[in-house]
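Heads up: the structure comes next, in structure tokens.
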Amino acid sequence: MTDVAAAIAALPPLRDEIAAAGLRADKSLGQNFLLDLNLLDRIVRSIPLQPGDRVFEVGPGPGGLTRALLKAGAQVVAVERDERALPILQRISAVSDGALTIVHGDALKVNAQELVGKGAHIAANLPYNIGTLLLTRWLSEAQWLPWWRSATLMFQKEVADRIVAQPGSSAYGRLSVLAQVRCEVRIKTLLPARAFTPPPKVDSAVVQLIPRVPELAVPMQILERLTASAFGQRRKMLRQSLKGLPGALEALAALEIDPTRRAETLSVSEYVAVARALASAPADS
Ligand code: SAM
């Protein structure tokens, strides 16, 4: 065990820290804490992490995941909005030998790449109210490969299902296409609601996303408009739902995609093909 790992292991239990700081879970901040050290270590072991790697953590709260990351030898930058958690996090930082930087702020407003640099991992038990928004931003980076090399994220199970959903399922939609165009996606662990303190109403899952190099450039803004139109009326046939998107019906015809199909039957690569056809169509089509 490293000195930092030993010092972390000697810290007071998370429950005691929460009680001493009066960190009563605040629903408006999406606070459901993970206090089971075995579970936290398991999540960290699922990250493709080498000692010395940098990690951007959103919402460390009392710092359970942060402790597990530090024990594994990571250099962590953690952004927390709730100032009540700061004294607890500072006590972790004090024994981390410089491996933990705490930023008091809003994860939606900070520039993660500036804080943590290129090639970092993202790890978070995300606040449920901003989780999808943060993921959508991380997936929509203009430059691909992005600044992060893996993202290991706790979501409500229903959101995790949408991220990894395959065509033909009711969970398949815009988020599935966006995530799968840009990343390899996998559910790593399922967690029942009772694993959290306090337990939320629904179960959770850890999803891991690993950015992949696209074979050809993907016109992301066009893909986004295309999936918005198609899934915006997911029960309609494509010839109806894509009517308002100039060139879309011609693109379907050129690619021999039956326009009577519905949004949820198209594979991710078919969406990419239609978006590419739209991107290369003359502007007045
Ligand atoms: N990581 C801790 C754990 O696993 O026990 C806490 C997870 S809790 C689900 C979400 C955390 O995100 C809370 O500590 C909350 O205060 C924090 N949070 C909520 N909104 C935030 C925001 N906009 N920026 C940064 N942190 C935020």
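Worth a mention:
- Whichever residue in segment 27-74 is within 11 Å of the ligand (Cβ to nearest atom), among the small types (Gly, Ala, Ser) and assigned to a loop (DSSP other than H, G, I, E, B) and, among such residues, is nearest to Gln156 (Cα to Cα): Gly30
- Top-ranked residue in segment 96-112 [being more than 16 Å from the ligand (Cβ to nearest atom) and either on the phi > 0 side of the Ramachandran plot or outside any loop (DSSP other than H, G, I, E, B) (or both); ranked as surrounded by the fewest Cβ atoms within 10 Å (Cβ to Cβ)]: Gly98
- Output for segment 216-245, where each listed residue is within 15 Å of Val181 (Cα to Cα), in a helix (DSSP H, G or I) and free of Cβ contacts under 8 Å to residues at least 12 places away in the same chain: Gln221
- The residues of segment 1-43 that are among the small types (Gly, Ala, Ser) and under 14 Å from Arg84 (Cβ atoms), listed by number, are Ala19, Ala20, Ala21, Gly22, Ala25, Ser28.
- Check on Pro48, at pLDDT 95 or above, under 20 Å from Pro198 (Cβ atoms) and open to solvent by 60 Å² or more (accessible area, probe 1.4 Å): no
- Residues that are out of contact with any Pro (no Cβ under 7 Å at 6 or more places or on another chain) and in contact (Cβ under 8 Å) with a residue 60 or more places away in the chain within segment 32-45 comprise Leu34, Leu35, Asp36, Leu39, Arg42, Ile43, Val44, listed in sequence order.
- Residues of segment 131-178 that are in contact (Cβ under 8 Å) with a residue 40 or more places away in the chain, within 16 Å of the ligand (Cβ to nearest atom) and farther than 26 Å from Arg45 by Cβ: Thr136 alone.
The values are calculated or read from the model by the stated rules, or taken from the named source; none is laboratory data. Note that the structure is predicted; figures quoted are calculated from it, not measured. Glycine also receives a Cβ, built like all others from the backbone with ideal geometry; neighbour counts cover every protein chain displayed. Each accessible area value is taken on the protein alone, full model and side chains, heavy atoms only, with ligands, DNA and RNA left out. Shrake-Rupley method; radii C 1.70, N 1.55, O 1.52, S 1.80 Å.
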